[in-house]
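First comes the structure, then the notes that go with it.
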Amino acid sequence: MELSRADLEILVALQENSRLTNRELAKRLGAAESTTHERLRRLVRGGVIKRFTAEIDLAALGRPMQAMIAVRLRPQSEDVVERFLRTVMDDPCVVDAIVVSGEIDVLLRVAVQSAEHLRTFAWRKVTSAKSVQSITTHLVYEYRRRPITAPP
């Protein structure tokens, strides 16, 4: 799907605040509400917008500490990765799981109450999976996300 400048502006606006009304969106774009509504419907139908979500302040939920846990699995196979992900994804401290290439197989972003909770999760949940060869934990000092607008 080819995206116009107006489409990209809609994407940026909704990534900043997915609760914008169609009227607010149209005003921001300087376009008619009907035009904006149709563009938005086309972006959703075309699969460019997959869903509308809320960004949660993890600290407000009592989980102010975030970490990235790099997990190395052995043997390397799709089945091993799937089993590992099923093991860890049911834990509420897991925010994201990313399967990557290279020496590391999975990156987990977790949000926990304290260093003790992080240690407990890493030792009891992550390393309890038989396929885990090693883990490396990195504390997150700051997390920033920028709007995605178009292919590079």
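Check whether at least one residue in segment 52-64 is touching a helix residue (DSSP H, G or I) at 6+ places or on another chain (Cβ under 8 Å), under 22 Å from ILE148 (Cβ atoms) and not assigned by TED's automatic domain parsing to the domain that holds ILE135, and report yes or no. Yes, segment 52-64 contains at least one residue that is touching a helix residue (DSSP H, G or I) at 6+ places or on another chain (Cβ under 8 Å), under 22 Å from ILE148 (Cβ atoms) and not assigned by TED's automatic domain parsing to the domain that holds ILE135. State all residues of segment 125-142 that are out of contact with any Ser or Thr (no Cβ under 7 Å at 6 or more places or on another chain) and under 21 Å from VAL80 (Cα atoms); if no residue qualifies, say none. Selection gives LYS125, VAL126, THR127, SER128, LYS130, SER131, VAL132, GLN133, SER134, THR136, THR137.
Only one entry in ALA122, ALA129, ALA111, ALA115 is over 30 Å from ALA60 (Cβ atoms) and hydrophobic (A, V, I, L, M, F, W, C), namely ALA129. Evaluated against (1) over 28 Å from VAL132 (Cα atoms); (2) surrounded by 17 or more Cβ atoms within 10 Å (Cβ to Cβ); (3) in contact with a Leu (Cβ under 9 Å, 6 or more places away or on another chain); (4) modelled with pLDDT of 95 or more, GLN66 falls short on exactly one condition, (1).
Residue check: SER77 meets all listed conditions (1) hydroxyl-bearing (Ser, Thr, Tyr); (2) under 20 Å from ALA129 (Cα atoms); (3) in contact with a helix residue (DSSP H, G or I) (Cβ under 7 Å, 6 or more places away or on another chain) but one, namely (3). Which of the residues spanning segment 23-32 are over 21 Å from ARG146 (Cα atoms) and surrounded by 15 or more Cβ atoms within 10 Å (Cβ to Cβ)? Scanning segment 23-32 gives ALA26, ALA31.
The values are calculated or read from the model by the stated rules, or taken from the named source; none is laboratory data. The model shown is predicted, which means the values in this text are computed figures rather than measured ones. With ideal geometry, Cβ positions are generated from the backbone for all residues, glycine too; neighbour counts draw on all protein chains shown.
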